[in-house]
Ligand SMILES: [Zn+2]
């Protein structure tokens with residue numbers, strides 16, 4: 001699916017028919033339009049024209065969670081994208097699955113864009129649990145230890161290489177996750193090339209935000225969720241995301257020095273950064289910038305030949 005704004009048509013629709021319309025995506029192939037999705041403030045509507053060439057519009061072959069075996073065989077992927085999130089409180093106003101939604105949506109859009117230029121990428125189902133050991137005071141926040149994450153990654157890699165998929169992009173959207181040591185170890189055990197992507201770092205988006213500060217349930221993250229899942233966001237409940245000032249400034253702000261943050265002490269509403277200037281439009285612009293950054297990475301990696309440095313499998 002190539003996201004395309006319909007420009008003049010959207011402006012006309014917004015003015016005369018539906019002021020809450022944010023934008024529209026046209027999913028088209030060389031054979032014609034498959035479907036059009038309209039994104040409103042609080043919902044999305046997909047319209048499939050009667051002449052659509054697509055019988056499975058809602059199940060593209062690159063989203064494995066909803067694809068069939070026949071579709072997967074047609075795609076014959078050589079590159080897999082594994083979104084990885086977390087299940088944790090996100091302020092008072094965002095869902096626990098925020099990081100999962102962000103990773104999965106970015107992965108789906110980037111894979112769609114890459115496959116439009118001939119790649120054979122597949123999006124794996126997202127891993128919903130992350131490293132959250134300092135947030136276990138929050139009701140129903142789930143922590144996945146590094147050793148468990150390592151085991152999950154190892155089994156995913158072990159499965160993929162048996163099917164001829166020798167390149168994996170681990171698309172992380174939770175700041176507490178850290179995969180570099182695991183990637184090194186897993187690559188020692190399997191003939192696969194693994195890339196770590198920190199989704200929120202793909203592009204500088206500070207110019208899109210009123211308050212680019214904070215790093216959790218802030219304006220940045222709230223904008224993305226207002227774009228992706230507006231009906232899951234409860235802005236009326238949003239706190240200020242105020243951070244507790246550090247009493248140990250050398251420990252907290254010396255470059256290169258890191259220590260875990262005790263989340264209960266760091267913030268009252270579990271957020272860090274004021275979310276109240278967030279909008280869906282900002283979220284859409286952020287996602288577009290991230291997709292624009294990630295898609296070329298997938299294209300390059302999917303087309304790399306063994307030995308093309310740094311694509312070296314040993
Ligand atoms: Zn998050």
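Odds and ends about this structure:
- For residue 153, the requirement of being assigned by TED's automatic domain parsing to the domain that holds residue 130 and either in a loop (DSSP other than H, G, I, E, B) or over 22 Å from residue 89 (Cα atoms) (or both) is met.
- A single member of 148, 134 is free of Cβ contacts under 8 Å to residues at least 40 places away in the same chain and away from the ligand (no atom under 12 Å from the Cβ), and it is 148.
- Test: residue in segment 100-111 that is over 23 Å from residue 179 (Cα atoms) and either surrounded by 18 or more Cβ atoms within 10 Å (Cβ to Cβ) or within 16 Å of the ligand (Cβ to nearest atom) (or both): no
- Members of segment 265-280 found to be touching a helix residue (DSSP H, G or I) at 6+ places or on another chain (Cβ under 8 Å) and part of a helix (DSSP H, G or I), listed by number: 280
- Qualifying residue in segment 210-221 (condition: touching a residue at least 60 places away in the same chain (Cβ under 8 Å), surrounded by fewer than 18 Cβ atoms within 10 Å (Cβ to Cβ) and out of contact with any helix residue (DSSP H, G or I) (no Cβ under 6 Å at 6 or more places or on another chain)): yes
- The number of residues in segment 83-96 that are within 19 Å of residue 134 (Cβ to Cβ) and either near the ligand (Cβ under 10 Å from one of its atoms) or part of a loop (DSSP other than H, G, I, E, B) (or both) comes to 9.
- Every listed requirement among (1) within 16 Å of the ligand (Cβ to nearest atom); (2) without any contact (Cβ under 8 Å) to a residue 40 or more places away in the chain; (3) in contact with a helix residue (DSSP H, G or I) (Cβ under 9 Å, 6 or more places away or on another chain) is met by residue 198 save one, (3).
- Every condition in (1) surrounded by 18 or more Cβ atoms within 10 Å (Cβ to Cβ); (2) more than 14 Å from the ligand (Cβ to nearest atom); (3) not in a helix (DSSP H, G or I) is met by residue 241 except one, and the failing one is (2).
The values are calculated or read from the model by the stated rules, or taken from the named source; none is laboratory data. From a predicted model like this one, the values you see are computed outputs, not experimental measurements. Note: ideal-geometry Cβ built from the backbone for every residue, glycine included; neighbour counts use all protein chains shown.
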